[in-house]
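Q: Got a structure for you, written out below as structure tokens; questions coming shortly.
Here, each number is a calculation from the coordinates, and none is a lab measurement. In this text, all values refer to a predicted model and were calculated from it rather than measured experimentally. All Cβ positions, even for glycine, are placed from backbone atoms using ideal geometry, and neighbour counts span all protein chains on display.
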Amino acid sequence: MSVRGSGGSPVRHAAEPRPGAEEDSERLLANAFADGESWALEAGYLRWSPLVFTLALRRLGQHADAQDVTQEVFLKAWRGRAGYDPAQRPLPAWLVGIARHAVADRMSSRTRDSRLHERISSVHHELGDSGPADVVTDTLVVVDLLARLEQPRREIVALAFLEGLTHAEVCARTGLPLGTVKSHIRRGLSQLRQHLGASDATP
Amino acid sequence: MAGVDHAPGEVLSHVAECSACRDDLDIIQRTRAAGDLLRRDPSVSSLSSPPPQVWEAIQRELAADDTVVPLAPRRTRRVAWAWVAAAVVGAVLGSAITWAATHRSDSASLSAATSELVPLGQHRTRGTISLTGSQPGAQLSLDVSGIDPGPGFVEVWLLDAKTGGMVALGVLDGDRGSYAVPPGLDLTAYDQVDVSREPYDGNPAHSKVSLARGRVP
């Protein structure tokens, strides 16, 4: 059987398993958010405000600042929803992108406030704008995603990506056949990519 | 490259031969770093919720927005921008009138009659109904606040209370809408405006979930 596509490039990506119910409901919510249905703001807030709030709290260390950032993120997201394309990014990835910037802005303005740290300020600003995504934010995004994955994908993704086990080791640990493990890993990687986004993703 | 040898072999070989998936390597390494952090500090895995006043503040801010910029969904963005422009000019004239003025050349239509849109039952949807011009060619505008949230969409109808006849004028997107009244329709018979919530069920009939009603001005 030929797998050559009409554009001349062979099809390399194997078919991914059907998205689960959770993914369907997230997509529905993201589309409703982009369309400006007000219930979607409330539902999105209920679902992802803990993620946004916790990452702001971890990075900034102060409750009041983390509350301000959470408020800012959801207001910015709602007011700027015309610029959000649900087909390009999951809603939580978009919210986290806005949160990264809000946190970076606050950190650089904190540093700016202190005259003693003027030189550090410029360095911080650069890091905030173009530096690698920070590990704490990535970790929270991964934890939030894992919590919403259904079994057995949750366990397979944790074993393969968080612990770095090989396919054979994941099979041995879970007792699942190789084909099943492979397809969940493939789909899990795709979800990680969507939710973590590029290191320098802008909202 | 650090971390490469820990990544699942299948994924690695895929990345090696597929240039479109080079980013995956970055994702794998970042996820491994997350795993390392979780092993060092398991407390990172617990998320905490913001206190209720954060949501209350968001709602307050957006309620203030409503009076300046309508929260129209993007599929009607052009209409929304017309409204923004209208709202700026409309500080004096009233935005419904400005809207009519930008869409009609006769200055006679610059006098709009208004009436009140009143919530029904437990609902909170309320607002103002404006009528510009007269039949044939009348234009009905709604300016609504506190729309009761729910799935589906909001639709605007004209109702003849005596016969139970209903005519759908269109979908209400955001807080404002402007609708051409069908030219042959007798507004002395169809003298009520009904705002309903409609499910996406493909059924064009009224859902019987009326949020608010008012008289045609």
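Q: Could you go through segment A:174-180 in sequence order and give the Karplus-derived ³J(HN,Hα) for each residue, using 6.51 cos²θ - 1.76 cosθ + 1.60 with θ = phi - 60°, rounded to whole Hz, and x for Gly and Pro?
A: My calculation for segment A:174-180 gives 9, x, 9, x, 4, x, 5 Hz in order.
Q: Count, for each residue of A:158-167, the Cβ atoms from other chains sitting within 10 Å of its Cβ, then give me the mean as a whole number.
A: Values: counts 3, 2, 6, 11, 9, 6, 10, 2, 5, 4.
What the average comes to for A:158-167 is 6.
Q: Using the alpha carbon gyration tensor of segment B:156-217, what are the three equivalent-ellipsoid semi-axes (square root of 5 times each eigenvalue), largest first, in whole Å? All intermediate terms of the calculation are to be shown ahead of the outcome.
A: Working: eigenvalues 67, 38, 26 Å².
Working from the Cα gyration tensor, I get semi-axes of 18, 14, 11 Å.
Q: Would you kindly state how much longer the chain becomes between residue A:135 and residue A:62 on full extension, computed as 0.36 nm times their sequence separation minus their alpha carbon distance, in nm to one decimal?
A: Details: separation 73, 0.36 × 73 = 26.28 nm, distance 1.88 nm.
That works out to 24.4 nm of additional length.
Q: Within a 10 angstrom radius of each residue's Cβ in A:35-43, how many Cβ atoms of other chains show up on average? Whole number is fine. It would help to have the intermediate numbers written out before the result.
A: On the way: counts 6, 10, 9, 9, 6, 2, 6, 4, 1.
The mean count of partner-chain Cβ atoms within 10 Å per residue comes to 6.
Q: Using only the Cα atoms of segment B:113-215, what semi-axes does the equivalent ellipsoid have when each is the square root of 5 times a gyration tensor eigenvalue? Give whole Å, largest first.
A: Working: eigenvalues 83, 47, 32 Å².
For segment B:113-215, the semi-axes come out at 20, 15, 13 Å.
Q: Related question: In straight Cα distance, which lysines are under 25 Å from residue B:208, not counting same-chain residues fewer than 8 positions off?
A: The qualifying lysines are B:162.
Q: Quick check: Cα centre of segment B:186-217 to Cα centre of segment B:40-55, how many Å?
A: Here the answer is 44 Å between Cα centres.
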